[in-house]
Amino acid sequence: MDFHLSSEQAQFRDSVLRFARHELAGGALERAHASGYPWEVARRMAAQGLLGITIAEADGGQGGTLLDAVLAIEAVASACPRSADVVQAGNFGPIRVLAQYGSAAQKQNYLTRLLAGESVIAVGMTEPDAGSAVTELKTNAQRVDGGWRINGSKVFTTHSAYAEVFLVYVRFAPGVGGIGSVLLERDSKGVSVGKKSHFMSGEEWTQLHFEDVFVPDERLLLGEGGFKKQIAGFNVERIGNAARSLALGRYAYEQARAWAMQRKQFGRLLCEFQGLQWKFADMKIKLDAAQLLLYRAAANADRGFPSPEETAIAKAFCNQAGFDVANEALQAMGGMGYSQETLVEYCLRRCRGWMIAGGSLEILKNRIAEHVFERSFSQRGGKE
Ligand SMILES: Cc1cc2nc3c(=O)[nH]c(=O)nc-3n(C[C@H](O)[C@H](O)[C@H](O)COP(=O)(O)OP(=O)(O)OC[C@H]3O[C@@H](n4cnc5c(N)ncnc54)[C@H](O)[C@@H]3O)c2cc1C
């Protein structure tokens with residue numbers, strides 16, 4: 001077993017690090033507090049080949065591995081935490097599901113702009129009455145001449161305020177087998193957005209309403225029976241979510257480490273107090289352990305989708321580690337950590353959200369327990 005990156009991987013990571021330090025680090029604080037999508041970052045990343053890292057070259061991507069994309073998130077986040085979301089959107093989210101299952105026409109229609117950093121795609125799964133129990137979604141697709149009529153509503157969709165196209169989970173028929181997905185364009189007749197809201201992270205989201213929205217046959221992504229394939233693709237999104245938790249936890253840790261080596265109280269550097277040394281030792285252990293679990297899931301996936309179990313374990317651990325480390329880093333920096341002078345408080349707020357988004361910690365642990373006991377456990381009360 002080799003715990004080192006290959007020379008190509010190390011070269012790639014170093015080139016992304018150079019790019020991130022030169023082009024992104026300068027505006028990191030402003031970017032984290034700005035509203036909207038960082039389009040200027042997206043275009044620079046497109047030019048640098050950082051969108052579509054895992055997408056086949058034939059589809060306009062770079063043909064790399066999932067671990068390459070994880071390395072890119074880590075390198076970018078180390079200079080500009082907010083910009084790591086652009087790596088996520090261009091590699092791990094619904095774009096990857098589209099690249100995997102989309103028809104040639106769908107890919108041609110959407111991927112070109114997405115990979116150029118000119119557009120972003122969002123995934124609409126969650127509904128007011130279907131959160132963790134996502135298979136209870138009600139957004140309905142009714143067959144009509146030449147396509148489908150979509151009626152329903154989605155909440156908490158990341159990028160909902162500005163995405164041009166949505167990968168929307170819909171119901172074609174009852175049960176899990178009746179779920180599939182369509183590509184729904186923002187400017188379609190019948191799409192309306194509710195009032196803008198904000199997550200604790202500062203990111204905007206708007207409720208999406210679909211009223212008799214016509215989606216032609218050409219925009220069907222996965223029909224009835226598509227749910228399992230969608231979730232297999234969604235595990236890539238979870239890897240990106242885990243990678244950002246770890247990377248932002250590490251960012252906060254590095255800020256606090258530097259602070260502890262130059263801030264003096266009681267005539268001594270903070271790093272000379274054992275009470276703080278042990279905090280840093282615990283942070284380091286968590287970061288290293290999280291990274292090993294994340295790299296295992298990503299490396300084993302190679303150019304395919306990651307295993308559900310390894311993904312759940314990596315995400316659960318990275319989400320918790322990222323949050324714990326950012327929290328301890330903030331504590332070690334005192335009032336400065338709690339202030340918006342640095343990005344430590346931002347990293348803490350972002351890490352908190354990833355413990356809920358993309359499969360909450362509890363839902364991931366339910367999944368891991370099923371693997372442990374080699375059986376499924378229905379989460380429903382009473383008889384099925
Ligand atoms: C930052 C952020 C970004 C998001 N982005 C998107 C997006 O882009 N697209 C999208 O579709 N959705 C998105 N979501 C929504 C997210 O997927 C849901 O919030 C999540 O699935 C939980 O659903 P819920 O909020 O309805 O909570 P609920 O399902 O109501 O759960 C509430 C609490 O109960 C726990 N719980 C529920 N069921 C069980 C169980 N069986 N066992 C143990 N505990 C349980 C949960 O873990 C949670 O702690 C985002 C959410 C956040 C916070």
Fill in the blank from the handout: For the chain, the charge dipole (Cβ of Lys, Arg +1; Cβ of Asp, Glu -1; about the Cα centre) points to a positive end, and the Cα of Gln331, Val193, Val155 closest to that extreme belongs to Gln331
Completion exercise
The Kirkwood hydrodynamic radius of region 234-363, taken as the inverse of the mean 1/r over all distinct Cα pairs, in Å, comes to 15.0 Å
Problem - Exposure rank, largest accessible area first [Asp324, Asp302, Asp129; 1.4 Å] - result: Asp129, Asp302, Asp324
Practice task
Determine the relative contact order of region 137-256: mean sequence separation of Cα pairs under 8 Å and six or more apart, normalised by residue count, in whole percent.
Solution key: 28 percent
Completion exercise
Percent relative contact order for the chain, counting Cα pairs under 8 Å at least six residues apart, stands at 15 percent
Handout entry: About the Cα centre, charge dipole magnitude for region 111-228 (Lys/Arg +1, Asp/Glu -1 at Cβ), debye
Key = 120 debye
Problem - Pair Asp14, Lys196: separation of 7 Å Cα→Cβ label points (nm) - result: 4.3 nm
Problem - Of every Cα-Cα pair in region 1-41, the percent that sits beyond 11 Å - result: 71 percent
Exercise for the section: Just need the Rg to Rh number for the chain, please, alpha carbons only, Kirkwood Rh. Expected result: 0.98
Exercise for the section: Take the Cα atoms of region 210-308, find their three principal axes, and give me the spread along each one in whole Å, biggest first. Expected result: 71, 35, 18
Problem - Coil-residue trypsin sites (Lys or Arg not before Pro) of region 118-164, DSSP, other Cβ within 10 Å capped at 16 - result: Lys138
Practice task
Convert each backbone phi in region 124-138 into a coupling constant with the Karplus relation 6.51 cos²θ - 1.76 cosθ + 1.60 (shift: θ = phi - 60°), then list the ³J(HN,Hα) values in order as whole Hz, x for Gly and Pro.
Solution key: x, 10, 5, 10, x, 10, 9, x, 4, 8, 5, 6, 8, 4, 10
Practice task
Roll a 1.4 angstrom probe over the protein heavy atoms and tell me the percent of accessible area of region 27-175 that is carbon or sulfur.
Solution key: 49 percent
Completion exercise
With no solvent term and unit scatterers on the alpha-carbon positions of region 107-177, Debye gives log₁₀ I(q)/I(0) at q = 0.17, 0.19, 0.28 Å⁻¹ of -0.73, -0.86, -1.18
Practice task
Please determine, in degrees from 0 to 90 and to the nearest 10, the orientation of helix 308-338 with respect to the longest principal axis defined by the Cα atoms of the chain, where the helix direction is its Cα long axis.
Solution key: 50 degrees
Exercise for the section: Could you check which residue among Gly147, Gly267, Gly233 shows the biggest mean-square fluctuation in a GNM of the chain with a 10 Å Cα cutoff? Expected result: Gly267
Practice task
Can you pull the one-decimal nm distance between simple spin-label points at Ser6 and Arg186, each 7 Å off the Cα toward Cβ?
Solution key: 3.8 nm
Exercise for the section: Tell me what the chain gives for mean residue ellipticity at 222 nm when only DSSP H runs of n ≥ 4 count, each as -39,500 (n - 2.57), the sum divided by the residue total, rounded to 500 deg cm²/dmol. Expected result: -16500 deg cm²/dmol
Problem - Residue-normalised accessible area of region 1-145, given per residue in Å² at a 1.4 Å probe - result: 43 Å²
Exercise for the section: Averaging sequence separations of C-alpha pairs under 8 Å and six or more residues apart, then dividing by the length of region 238-307, give the relative contact order as a whole percent. Expected result: 31 percent
Problem - region 58-155: mean projected area of Cα convex hull, nm² - result: 8.3 nm²
Fill in the blank from the handout: If one compares the long axis through the Cα atoms of helix 7-23 with the longest principal axis of the Cα atoms of the chain, the angle in degrees, nearest 10, works out at 80 degrees
Completion exercise
Scoring only Lys, Arg, Asp and Glu (+1, +1, -1, -1) among other residues with Cβ under 14 Å from the Cβ of Phe227 yields +1
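The values are calculated or read from the model by the stated rules, or taken from the named source; none is laboratory data. Nothing here was measured: the structure is a model prediction, and the numbers come from that model. A quick note on method: Cβ atoms are made from the backbone with ideal geometry, for glycine too, and the neighbour counts reach across all protein chains shown. SASA here: full protein model, heavy atoms, side chains in, ligands and nucleic acids out. Shrake-Rupley method; radii C 1.70, N 1.55, O 1.52, S 1.80 Å.
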